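Contents: one structure, followed by commentary.
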Amino acid sequence: MASQSIQFRCVTCDAVAPKWVGRCPSCAAWNSLEEQPRKAAERPGRIPGKSPAPCDVPVRLSDIDSDAAEPIPTGIGELDRVLGGGIVPSSVTLLAGEPGIGKSTLVLQMLASCARKGVASLLVSAEESPEQVHRRARRLGLVEDGIWITSATGTEAIAAAVEKLQPGVTVVDSIQTVASPDVASPAGSVAQVRVVAQELAETARSAGSALVLIGHVTKEGSIAGPRVLEHLVDSVLSFEGDRHHSLRMLRAVKHRFGAVGEMAMWEMTSAGLGEVTDPARMMLADRHTGLPGSAIFVAMEGRRPLMVEVQALVASSPAGISRRAASGYDHGRLAQVLAVLERRVDLSFAGRDVYVSAAGGVRLDDPGADLAVAMALVSSLSSRVVDDRLVVVGEIGLGGELRSVTHTAIRLGEAARHGFTRAVTARGAEPVEGITLWTPATVSEALDRGLRNVSAPARLVAI
Ligand code: TYD
Ligand code: MG
């Protein structure tokens, strides 16, 4: 029988096996299993990633003082909203995003703001030298006494620094560049990232420091590190945006201390991340009215409405193989909308390339975007335009029926504030001042209503 104190971990896929085998049972890589001590937290009967409770003897729930875990506001309003008030002492947060999106800038702004509120911090800058960080901080006016910095890349050195400084917040930039001496594989490998996160979390918890781990995510979302970390951390914040656009969004995709779904927005400027006071103006700034292939949708991001231009382009496929590409909108959802248009509205996209994009680098998770996507697609296909004062909100069912979405009053109120006067949405939407509401039952009727210059007969045909 294998020893309880050792185990074998695959350096390729991070799977764990109780005994050595030549080929990993999980990913089929050869000779990839490495012996390692089984950590106390990983022995059967323990929850992985959790440090042992300070007291193994049961205590009364009513006797526990949880005030110590009250969130500390970072002073950056948008960030505090996503975090549900602030950063929780001893918690572990993963800040994940593509390289170059602005993670280091965001944490520097956060630490400077914390320092001004009297919360000292340690920035483990394993990617950039302290001089580079200082230059950036000086340029952005963020050099504060309360920020300590080290470029240590080993978990032992980082633990020593945390124990000595006892910072309120510790940031590790990035988890992929830090290594633990207990693991033979290189920094950034799945095995390293996992052990590093566990060791740093234990260090930070015992020092009462909130730990923020920065993790790079690739475009495809396949990450050596962050994905395996999600269940080890308390919160996962996803920092998103299109690098060619200035808009940046932060979403809580997991949050043990509050609600998920809230989104923060910033604008990346030459002076760092700045507040976006009027997101609609920014989102609609590049819009050209009167062109086919564009429809305006009002998404809900947490409790906030966000106006988004949905663009579509339908072009003939030169090679006989039709391309379907979506940016900021789910591919499966696009396929479904196209199928409904084909079967329920009699429109054919065969032999045509289809491109759909949510402008401004926004990701549309809201099913209410379906009708705007359909409207933009048919607008491009038929070279008709969507009225420029019209907003389109609705989910499309497989039967071609329009399904109601939540928060229509908030969505249409936002549209009215920005000069929109008409809306096409599903039945059941409450009237909103300043908006003429059309509530058709089907996508076919909605298209007839929403697209300008639709001549009789009422049904649209592809041209
Ligand atoms: P950075 O925070 O280094 O990204 P990450 O840590 O996610 O890799 O930011 C990188 C980009 O942000 C870089 O391409 C330049 C841009 N940027 C600005 O536009 N303005 C600024 O004030 C700063 C600091 C960066
Ligand atoms: Mg960085």
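The values are calculated or read from the model by the stated rules, or taken from the named source; none is laboratory data. No experiment lies behind these values; they were computed from the predicted model shown. Because the Cβ atoms are built from the backbone with ideal geometry, glycine has one as well, and the counts that use them run over all protein chains shown. For accessibility, only protein heavy atoms count, side chains too; no ligands or nucleic acids. Shrake-Rupley method; radii C 1.70, N 1.55, O 1.52, S 1.80 Å.
From the list 147, 101, exactly one residue is open to solvent by 10 Å² or more (accessible area, probe 1.4 Å) and over 19 Å from residue 234 (Cβ atoms). Which is it?
The match here is 147.
Only one of 231, 245, 255 is open to solvent by 10 Å² or more (accessible area, probe 1.4 Å), closer than 13 Å to residue 102 by Cα and modelled with pLDDT of 80 or more. Can you tell me which?
Exactly one of 231, 245, 255 is open to solvent by 10 Å² or more (accessible area, probe 1.4 Å), closer than 13 Å to residue 102 by Cα and modelled with pLDDT of 80 or more, namely 245.
Between a residue in the stretch 195-219 that is within 20 Å of residue 103 (Cα to Cα) and open to solvent by 20 Å² or more (accessible area, probe 1.4 Å) and any residue that is among the charged types (D, E, K, R) and away from ligand 2 (no atom under 16 Å from the Cβ), which pairs come within a Cβ distance under 9 Å, given they are 6 or more apart or on different chains?
217/227
Okay, residues lined up against (1) part of a helix (DSSP H, G or I); (2) farther than 24 Å from residue 174 by Cα; (3) within 16 Å of ligand 2 (Cβ to nearest atom):
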position	(1), (2), (3)
65	no, yes, no
74	no, no, no
79	yes, no, no
85	no, yes, no
89	no, no, no
94	no, no, yes
99	no, no, yes
105	yes, no, yes
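Report the residue count in the stretch 156-194 for those that are outside any strand (DSSP E or B), within 16 Å of ligand 1 (Cβ to nearest atom) and either touching a residue at least 40 places away in the same chain (Cβ under 8 Å) or not assigned by TED's automatic domain parsing to the domain that holds residue 211 (or both).
Residues that pass the stated criteria total 5.
Looking at the stretch 310-333, which of its residues are of a type in the set (A, V, I, L, M) and buried (at least 21 other Cβ atoms within 10 Å of the Cβ)?
Matches in the stretch 310-333: 310, 312, 314.
Have a look at 144, 156, 163, 127 and point out the one that is among the charged types (D, E, K, R) and either in contact with a Gly (Cβ under 6 Å, 6 or more places away or on another chain) or within 17 Å of residue 217 (Cα to Cα) (or both).
127
Taking into account only those residues within the stretch 258-280 that are in contact (Cβ under 8 Å) with a residue 40 or more places away in the chain and more than 25 Å from residue 112 (Cα to Cα), which is surrounded by the fewest Cβ atoms within 10 Å (Cβ to Cβ)?
Applying the filter and picking the extreme gives 259.
Considering only residues that are assigned to a strand (DSSP E or B) and open to solvent by less than 30 Å² (accessible area, probe 1.4 Å), which ones fall in the stretch 293-304?
Within the stretch 293-304, 294, 295, 296, 297, 298, 299, 300, 301 qualify.
Kindly check whether there is at least one residue in the stretch 396-409 that is part of a helix (DSSP H, G or I), under 29 Å from the mean Cα position of the chain (by Cα) and more than 20 Å from residue 294 (Cβ to Cβ).
Yes, the stretch 396-409 has at least one match.
Quick check on the stretch 391-411: of everything there that is at pLDDT 95 or above and among the hydrophobic types (A, V, I, L, M, F, W, C), which residue is surrounded by the most Cβ atoms within 10 Å (Cβ to Cβ)?
Result: 392.
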